[in-house]
Amino acid sequence: MSSVILNLTKIRYGYPGGPLVLNDLDFHLHVGDRIGLVAPNGSGKTTLFHIIMGLLKPLSGTVEAFGEAREAEADFIEVRRRIGLLFQDADDQLFSPTVLEDVAFGPLNLGKSREEALTVARNTLDFLGLNGFEDRVTYKLSGGEKRLVSLATVLAMEPEVLLLDEPSTGLDSSTKDKLIDILNELDLSFVLISHEFDFLSKTTGHIYTMDGGRIRFDQELDIHTHEHAHLMGKQPHRHL
Amino acid sequence: MIRESFAEGSSWIHGIDPRLRVSGAAAFAVVVAVSYDFKALFTALMLSLFAVFSARLDFRTVAQRLFAPAVFLLLLWAVLPWSYEGETLTTLGPLTITRPGVTLCAQISLKTICLMVAFMALVATMTVDTLGHTLNRLWLPDKMVHLLLITYRYLFVIEQEYQRLLRAMKIRNFHPRTNLHSYRSVAYLVGMLFVRASERARRVHCAMICRGFNGRFVSLRAFPPNPLNPIFCLGVSLSLALLVTLEWVK
């Protein structure tokens, strides 16, 4: 098998009654890639993720995942097992009353027995440092906790690729650091949407942007540092 | 929004297998609903009060929760006694109060209070989510159980959304008055809530599909055995037998 996980060619998509959001978009993901996507709101990043997962059908173009073309709903069942999508709003992802049930939901759907599913769920929660969260009620979690639990629900499916839709938005700096550590510890390929360069530079290898419904591979953004001077510059400080 | 204060207790009733409690309450409801004999109805009331007592529920809260059905019953008492035909009991001005009317009202009131109290003791003492899984184990259709559980989960999210919209209106100085502007604004609020709820439903469904959902919920819940389960069963069976005897065996 080649190292290409995703191969999207000439994807076109537009919401009914609107202009094309994705216009002849090409996108490739290889094993081990850690890609950051930065683009203005409404430029089709989330739409791209939904097309990869088969939640939206492109008007034209082909989606190839794990070496096979994916067209019908049935083709995407395997894709959804091997690619995990973290939604922008954690409330969309957590629908079970308790954390443990929500994390075990995916493994149970994959046909695991109750005991296996519970073991996977507990291990995932342990890995994310969420011990003791098993019986917490999902809607009563804080924003940061909800985000980490949603990540647990995705990781419990043991995916090979992660698609993360603005995972750092709305998190305080300590939860953000935790998320960075987790992402760096995972041996997974992922695509990450974010508006925070600081977060992207610590987690991803390449940063691409989107323009006119396409991903601009020719305009890769490089994280770099500037030297500069200002008053009190010797004091430890951060620039936001 | 939904307070589950009764579910937090730790009496012996709380420890009984939820499946037994739900089936017990359902059987009790059937028997009480078809009973008309006052001896049977009062006995049933005693039994349900005993259940509340055993569950160690706060009597004030129980009384508060009976308020809503009480309003409904008052309505019944205001209409039925004079509008029902039959033997005259007494006359109040132009109105004739009939004996069958009063009897019927009394029966309905007794049944209502009795069932409300019994359900508070047996069913309200578990969380909605336990109730959902219990019903699932009791072979209720999957779809109904999903509806219950997901409604329960997203009621809170929709309420938050409602509060958010309401705040947005308030900070721009919206005071509901009796005018077209107020009606229109409130209609927008409700409409927006529907739109947002259906958008939310779509996204949740997407998230579930992404995690391999195929239309069937698998419940993780295990109900631990409890030595009191058989005793509870016996108690319920004896109570039901007693009610049936009082009602039908003359």
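The values are calculated or read from the model by the stated rules, or taken from the named source; none is laboratory data. Bear in mind that the values here come from a model prediction, so they are computed numbers and not experimental data. Note that we place each Cβ from the backbone using ideal geometry, even for glycine, and neighbour counts take in every protein chain shown.
Table for the structure above
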item: Of the criteria (1) in contact with an Asp or Glu (Cβ under 9 Å, 6 or more places away or on another chain); (2) within 14 Å of chain A (Cβ to nearest Cβ); (3) outside any helix (DSSP H, G or I), which one B:Pro224 fails; result: (2)
item: Unmet requirement for B:Val71, which otherwise passes all of (1) surrounded by fewer than 14 Cβ atoms within 10 Å (Cβ to Cβ); (2) assigned to a helix (DSSP H, G or I); (3) in contact with a helix residue (DSSP H, G or I) (Cβ under 8 Å, 6 or more places away or on another chain); result: (3)
item: Pairs where the first residue, in the stretch B:119-133, is at the interface with chain A (Cβ under 9 Å from one of its Cβ atoms) and among the β-branched types (Val, Ile, Thr) and the second is in a helix (DSSP H, G or I) and surrounded by fewer than 20 Cβ atoms within 10 Å (Cβ to Cβ), C-beta under 6 Å, 6+ apart; result: B:Thr127/B:Ala7; B:Val128/B:Tyr152
item: Filtered residue count, the stretch A:101-115, keeping only those that are under 24 Å from the mean Cα position of the chain (by Cα) and within 7 Å of chain B (Cβ to nearest Cβ); result: 7
item: The stretch A:64-100, subset part of a strand (DSSP E or B) and at the interface with chain B (Cβ under 9 Å from one of its Cβ atoms), residue modelled with the lowest pLDDT; result: A:Thr98
item: Strands (runs of 3 or more DSSP E) fully within the stretch A:151-240 counting 3 or more residues that are at pLDDT 90 or above and of a type outside the set (D, E, K, R); result: A:161-165, A:189-193
item: Which numbered condition B:Arg200 misses (of (1) within 14 Å of chain A (Cβ to nearest Cβ); (2) of a type in the set (D, E, K, R); (3) farther than 30 Å from A:Ile51 by Cα); result: (3)
item: Which listed residue, of A:Gly36, A:Gly61, is surrounded by 14 or more Cβ atoms within 10 Å (Cβ to Cβ) and closer than 29 Å to A:Lys202 by Cβ; result: A:Gly36
item: Some residue of the stretch B:206-220 being in contact with a strand residue (DSSP E or B) (Cβ under 7 Å, 6 or more places away or on another chain), within 30 Å of A:Glu101 (Cα to Cα) and surrounded by 11 or more Cβ atoms within 10 Å (Cβ to Cβ); result: yes
item: Residue identified as buried (at least 20 other Cβ atoms within 10 Å of the Cβ) and of a type in the set (A, V, I, L, M) among A:Leu188, A:Leu151; result: A:Leu151
item: Within the stretch B:155-180, tally of residues that are assigned to a helix (DSSP H, G or I) and over 28 Å from B:Val204 (Cβ atoms); result: 2
item: All positions within the stretch A:116-163 that are facing chain B (nearest Cβ under 9 Å) and in contact with a strand residue (DSSP E or B) (Cβ under 7 Å, 6 or more places away or on another chain); result: A:Val137, A:Thr138, A:Ser150, A:Val154, A:Met157
item: Matching option when the condition is in a helix (DSSP H, G or I), of a type in the set (Phe, Trp, Tyr) and modelled with pLDDT under 85, among B:Tyr183, B:Tyr152, B:Tyr188; result: B:Tyr152
item: Any hit, the stretch B:79-90, residues being at pLDDT below 85, surrounded by 17 or more Cβ atoms within 10 Å (Cβ to Cβ) and away from chain A (no Cβ under 14 Å); result: yes
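Yes/no per residue for (1) surrounded by 18 or more Cβ atoms within 10 Å (Cβ to Cβ); (2) assigned by TED's automatic domain parsing to the domain that holds B:Ala25; (3) touching a strand residue (DSSP E or B) at 6+ places or on another chain (Cβ under 8 Å); (4) closer than 28 Å to B:Ile13 by Cβ:
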| position | (1), (2), (3), (4) |
| --- | --- |
| B:Leu110 | yes, yes, no, yes |
| B:Ile113 | yes, yes, no, yes |
| B:Leu140 | no, no, no, yes |
| B:Leu147 | no, no, no, yes |
| B:Thr151 | no, no, no, yes |
| B:Glu161 | no, no, no, no |
| B:Ala168 | no, no, no, no |
| B:Phe174 | no, no, no, no |
| B:His181 | no, no, no, no |
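Conditions tested, residue by residue: (1) part of a helix (DSSP H, G or I); (2) more than 17 Å from B:Val128 (Cα to Cα); (3) out of contact with any Phe, Trp or Tyr (no Cβ under 8 Å at 6 or more places or on another chain).
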| position | (1), (2), (3) |
| --- | --- |
| B:Arg19 | yes, no, no |
| B:Met46 | yes, yes, yes |
| B:Ala51 | yes, yes, yes |
| B:Arg56 | no, yes, yes |
| B:Ala63 | yes, yes, yes |
